[in-house]
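What follows is a single structure, written as structure tokens, with notes after it.
Bear in mind these aren't lab numbers, they're just calculated from the coordinates by the rules spelled out. Please read all numbers here as calculations on a predicted model, not as lab measurements. Every residue, glycine as well, gets a Cβ built from its backbone with ideal geometry; the counts of neighbours run over all protein chains shown.
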């Protein structure tokens, strides 16, 4: 399962002579998610051919961030690259393959201020963007660039944007620990690429481009790269582009783990399927029925989840307005 001697990260780098924003685009953080890789390769080919020209700033794109997972054709190599995404302490060797990849990617991210991380998902469903917290000075994920992050999400062309990942990850840890708050080491495992970028003073959006095998997903990824470049003024604007349509905004409010291999959904759910309060979602191995505790939407239902891991998330409509800058002092 270990890396091959030929494992390398292929990195496309472009720097305009005129200073400007510094954007990084990642694909293939999970090996079975290929749409981001295809979108990046298409954008790189157009830049190399001169069909697309960088007017200012710096652009770095990594089409396959996890070569081992891609070679194996599965989500992970030795573990999930989008967890515990922090560099190894000085003088300490990374413990696994994904740790070594993280040690290569973190210095790249440090040189940028904006991240677009391109993914896909296992269940059926439409593309959507995921953003971080509102501006805050808290201890979990302090942040001061929510408006810029929201603007990027608005311009990626999805019909939905989802917020609340790290809050719900922390709540899930506490739930598994019988209500005890998670310690820093456990919370660190919830850090992905975007959490790292925010911790370095930048901002980032995860774009879930659709189901893994959706033939439209590579086009979603490619268009998102162009949209990000245009929003940041790094390439020429599209004179025919329509103003972005305001997407619906959802907030993750809970995560439910699969406890046993015999836990089963009552039907095949798709991400963003609506649910009414009291509607059956799944049946536990002991025959107990899981019901929706309020009106909302199922997110990331995973019928192949391993026992002890996330089975599905639940989201509700959010009152956040991404088109408006926050009031002084944050929200």
- Message: Using Cα springs under 10 Å in a Gaussian network model of the chain, which residue among 153, 49, 65 shows the largest mean-square fluctuation?
- Response: 49
- Message: I need the Kirkwood Rh of segment 10-52: take the reciprocal of the average 1/r across all distinct C-alpha pairs and report it in angstrom.
- Response: 11.7
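Could you give the semi-axes, largest first, of the ellipsoid that matches segment 12-246, computed as the square roots of 5 times the alpha carbon gyration tensor eigenvalues and rounded to whole Å?
Here the semi-axes work out to 28, 20, 19 Å.
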- Roughly how tilted is helix 97-110, in degrees to the nearest 10 and between 0 and 90, from the longest Cα axis of the chain? 50
- Task: Please grab the % of Cα pairs in segment 188-320 that end up more than 25 Å from each other.
- Result: 44
- Task: Please work out the Cα convex hull volume for segment 1-148 and give it in Å³ per residue.
- Result: 164
- List 199, 227 from most exposed to least, where exposure is judged by having the fewest other Cβ atoms within 10 Å. 199, 227
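Any idea what the alpha-carbon Rg over 2.2 N^0.38 Å comes to for segment 97-209?
On the way: Rg = 14.6 Å, N = 113, 2.2 N^0.38 = 13.3 Å.
Segment 97-209 yields a ratio of 1.10.
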- Check: C-alpha center segment 59-77 vs C-alpha center segment 236-312, spacing in Å is 26
- R0 of 25 Å, Cβ-Cβ distance residue 260-residue 294: FRET efficiency to nearest 0.05: 0.50
- Note on the structure: Expected sort for 40, 92 with the fewest Cβ neighbours (10 Å cutoff) up front is 92, 40
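When N counts the residues of segment 249-317, how does its alpha-carbon radius of gyration compare numerically with 2.2 N^0.38 Å, as a ratio? Display every interim value, and only then the final one.
Details: Rg = 11.2 Å, N = 69, 2.2 N^0.38 = 11.0 Å.
Relative to the 2.2 N^0.38 Å estimate, segment 249-317 comes out at 1.01.
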- Query: If each of residue 230 and residue 184 carries a label point 7 Å out from its Cα toward its Cβ, how far apart are those two points in nm?
  - Reply: 4.4
- Message: Pairs of alpha-carbon atoms within less than 8 angstrom and 6+ residues apart define the contacts here; what relative contact order does the chain have, in percent?
- Response: 19
- Message: I want to verify a result. In a Gaussian network model of the chain, Cα cutoff 10 Å, which of these has the top mean-square fluctuation: 189, 51, 121?
- Response: 51
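Once you have the Cα-Cα distance between residue 245 and residue 317, take 0.36 nm times their residue separation minus that, and quote the gain in nm to one decimal.
Residue separation times 0.36 nm, minus the Cα-Cα distance, leaves 24.2 nm.
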- For the residues 212, 112, what sequence is obtained by ranking on other C-beta atoms within 10 Å, fewest first? 212, 112
- Message: Beyond 13 Å, how much of the Cα-Cα pair distribution for segment 192-233 remains, as a whole percent?
- Response: 62
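Kirkwood Rh over Cα pairs of segment 94-156 into Stokes-Einstein at 20 °C, 1.002 mPa s: D in µm²/s? Walk me through the numbers before you get to the answer.
Working: Rh = 14.5 Å.
It diffuses with D of about 148 µm²/s by this estimate.
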